[in-house]
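What follows is a short report on a single structure.
Just so it is clear, none of the values below were taken in a lab; they were calculated from the coordinates. Nothing here was measured: the structure is a model prediction, and the numbers come from that model. With ideal geometry, Cβ positions are generated from the backbone for all residues, glycine too; neighbour counts draw on all protein chains shown.
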Amino acid sequence: MSFLRFGYVSGPIIGALWLFVLSTTVSITMSFATGDPFRPSLWASLFCGVILGGVATTANAMPMKAGVIGAVVFILTLVGFGPIVMETSAFNGVVAALILAAAMGGSMAKIMDKCPMGPLTRHEMEEVWIRFLTGFGYIFFTAIVLIPFYVMVMTSLKSQAALLQNPLDFSLDIDKGWALFRSYQELFRDFNFGTYMWTSFYVSVLTVLITLAFSVPGAYAVARLQFKGRAAFSRSILLIYMVPMIVLALPIYIAFSVTGLRNTILGIVLIYPVTTIPVALYMLQGYFRGLPAEVEEAGLMDGLNRLQVIWKITLPLALPALASVSLYVFMIAWNEFLLAFMLLDDPSIFTLTRGVAMLNSSEIPREHLMAGAVIATIPVMVLFLGLEKFMTKGLTAGSVKG
């Protein structure tokens, strides 16, 4: 890799790769936004990128770099020799060219900042390539997350006729106004999705409460008390996850059918904590071990018994961990599908995921299925994004002892 330690080598290589990444990103974005065909040109991207990478290593002033690179990309794209092949209106073509030019000019100038044409030190070479890989990682993982969600949302807002006419057209006709949300209205009006959401909510809350009721004393015992088999129990907490749930599906189905728990909310509330208690135990025992034992010992010396110490001292100190575990367990219960699909047959007690699965039928328009998926995703996504910093704080608070 010693040949990369020259600006005139690293610059063109990075330029070629980066322009292809950006042209692909802009093509996909414009295709989804307008419904017109945009596609990246591999060879044009590589050829132009090599030239622009060389330009980026010769112009030292960042504004000059960005302007020159952006202008070249804009002109080549408009005249048909650029990295994007377009069969669209003039306005959409200009917009695509502007976006690509701005993105390439600004980002390439930043990536190649202070990168000379000649030999590079090891630090300079690593810094340039790290910038490139960081930008690629942001784009790649953002696309993995956003594209499926975008397609799901856009499909839910389309009509059946529009989907049949062009399944790959994800643009919207905003002139329809509130009619765009017709699928959502029909789900709540005709498919009982309000009840499904309520059922999933209280089942998830009950799962959280039951999980904490068992995992808090269990984790505290493993972290603080001395008893025979403590080490073996601590190491075997997560062994249940070594057995795939699909293997346990038939025994669970038979047992619940025999006991009359199948097709009941009670059965779901009993089985969900079985899947969440082990991971809650594992998370909480690490946090409890990180709490200073001297605080609890002081409480015992002041006359408190062990339960009072847990209630008045340990649990208040463990609130960040309890909040993060509760959020994690809630998301598991909200999104659980296999057990609900296997144990629930009565539509009046369906959970939300079971209700969405019911929409996967040739008799039901595809936009209703996508709308149901959006309804199942949005609440827990908003909850996670709103409480993410608290969850992170709770998960990491017990990672360093002392």
- Item | Label-point separation, E126 to D175 (7 Å along Cα→Cβ), nm | 5.9
- Query: Rounded to whole Å and sorted largest first, what semi-axes of the equivalent ellipsoid does the C-alpha gyration tensor of segment 26-115 yield via the square root of 5 times each eigenvalue?
  - Reply: 24, 12, 10
- Message: Taking loop as defined by DSSP and a crowding limit of 15 other beta carbons within 10 Å, which trypsin sites (Lys or Arg not before Pro) in segment 94-125 fit?
- Response: K114
- Query: If you bin the C-alpha pair distances of the chain every 10 Å from 0, what whole percents do you get?
  - Reply: 4, 16, 18, 18, 19, 16, 7, 1, 0
- Note on the structure: Cα-based Rg/(2.2 N^0.38 Å) for segment 222-302, rounded to two decimals, is 1.53
- Message: With the crude spin-label approximation of a point 7 Å out along Cα→Cβ, what separation in nm comes out for T259 versus E297?
- Response: 4.3
- Item | Net dipole in debye of the chain [+1 Lys, Arg Cβ; -1 Asp, Glu Cβ; about Cα centre; nearest 20] | 1040
- Bins of 5 Å from zero: percent of alpha-carbon pairs in segment 2-165: 1, 10, 17, 19, 17, 13, 9, 6, 3, 2, 1, 0, 0
- Task: For K114, list the aspartates and glutamates whose Cα falls under 17 Å from its own Cα; do not include residues on the same chain fewer than 8 positions away.
- Result: E124, E126, E127
- Project the alpha carbons of segment 247-402 onto their principal axes and report the range along each, largest first, in whole Å. 68, 39, 26
- Normalise the Debye intensity by I(0) for segment 88-232, one equal point scatterer per Cα, no solvent, then take log10 at q = 0.15 Å⁻¹ and round to two decimals. -0.98
- Item | ³J(HN,Hα) computed for each position of segment 70-83 - Karplus, 6.51 cos²θ - 1.76 cosθ + 1.60, integer Hz, glycine/proline x | x, 5, 4, 4, 4, 5, 5, 5, 5, 7, x, 10, x, x
